[in-house]
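Enquirer: Here it is, the structure in full.
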Amino acid sequence: MLRSFEGHEPDIHEDAYVDPSSVVIGDVTIGADASVWPNVTLRGDHGPITVAEGANVQDNAVLHEGAEIGPYATVGHTAIVHAAEVRSRALVGMGATVLDRSVLGERAMVGANSVVTEDTEIEADTLYAGVPVEFIKEVEDSPWASAGDRYVELSRRHAEGSERIEGAERPSRSDRPERGGADRPE
């Protein structure tokens, strides 16, 4: 769903993929080949949000209050980025939270379920994890640095090969034979 907010409308490049179940509100810019996956919320109502070229924001993630996602960066499933910057080819792991004024350097990685507290700077080519995050190690040639490229291809496949199935609803529990519905064998 796309919504304006106080005169600001989302600006979505024609080559970007935005899943219909995502919610994109207000001052949001989504670049070429970027992808926004199911149930993502991009709330540009209290500062602009940028999802740069080739970046991907995965299922159930939330970006708010001036979040900036750099080229080919990855924001993992259920992650939250709030008023922070994720630079080129960096990775925010699944379920991680990145808080205000924090910066993830190029190709930096934040582990799953980690918390990057306010005003934290994570150097390029490093892995941080924990609550709050701590330096784990330097990382060279991480396969995650190319995740953005893989998601560009996957988003193209979804754009071309995925269609809403009209009228197809999941049966209620009582209608399923294995759950005691009308067609249940005696």
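Enquirer: I25 - would you say it is in a strand (DSSP E or B), crowded, with 23+ Cβ neighbours inside 10 Å and modelled with pLDDT of 95 or more?
Expert: Considered against the rule, which asks whether it is in a strand (DSSP E or B), crowded, with 23+ Cβ neighbours inside 10 Å and modelled with pLDDT of 95 or more, I25 comes out as no.
Enquirer: Using the structure shown, decide if P71 is surrounded by fewer than 22 Cβ atoms within 10 Å (Cβ to Cβ), in contact with a helix residue (DSSP H, G or I) (Cβ under 8 Å, 6 or more places away or on another chain) and either at pLDDT 95 or above or of a type in the set (A, V, I, L, M, F, W, C) (or both). Spell out how you get there, then give the answer.
Expert: Working: surrounded by fewer than 22 Cβ atoms within 10 Å (Cβ to Cβ): yes; in contact with a helix residue (DSSP H, G or I) (Cβ under 8 Å, 6 or more places away or on another chain): yes; either at pLDDT 95 or above or of a type in the set (A, V, I, L, M, F, W, C) (or both): yes.
The answer is yes for P71.
Enquirer: Given the conditions (1) closer than 27 Å to H13 by Cα; (2) in contact with a Phe, Trp or Tyr (Cβ under 7 Å, 6 or more places away or on another chain), which single one is not true for L154?
Expert: L154 satisfies every listed condition except (2).
Enquirer: All but one of (1) closer than 26 Å to E140 by Cα; (2) part of a loop (DSSP other than H, G, I, E, B); (3) without any contact (Cβ under 8 Å) to a residue 40 or more places away in the chain hold for D100; which doesn't?
Expert: (1)
Enquirer: Could you please find all residues in the stretch 122-147 being more than 19 Å from Y72 (Cα to Cα) and outside any strand (DSSP E or B)?
Expert: Across the stretch 122-147, the qualifying residues are G130, V131, P132, V133.
Enquirer: If you go through the stretch 109-121, how many residues are without any contact (Cβ under 8 Å) to a residue 24 or more places away in the chain and closer than 17 Å to A73 by Cβ? Working first, answer last.
Expert: Going residue by residue through the stretch 109-121, those that are without any contact (Cβ under 8 Å) to a residue 24 or more places away in the chain are 110, 113-115, 117-121.
Subsequent filtering for residues that are closer than 17 Å to A73 by Cβ retains 110, 114, 120-121.
Adding up the residues that qualify gives 4.
Enquirer: Could you look through the stretch 85-97, keep only residues that are assigned to a loop (DSSP other than H, G, I, E, B) and touching an Asp or Glu at 6+ places or on another chain (Cβ under 9 Å), and pick out the one that is surrounded by the most Cβ atoms within 10 Å (Cβ to Cβ)?
Expert: A90
Enquirer: In addition: Yes or no: the stretch 131-143 includes at least one residue that is surrounded by fewer than 18 Cβ atoms within 10 Å (Cβ to Cβ), touching a residue at least 24 places away in the same chain (Cβ under 8 Å) and either under 24 Å from D19 (Cβ atoms) or among the charged types (D, E, K, R) (or both).
Expert: No, the stretch 131-143 has no match at all.
The values are calculated or read from the model by the stated rules, or taken from the named source; none is laboratory data. Just so it is clear, the structure is predicted and the values come from calculations on it, not from any experiment. FYI the Cβ positions are ideal-geometry reconstructions off the backbone, even for glycines, and counts take in every protein chain you see.
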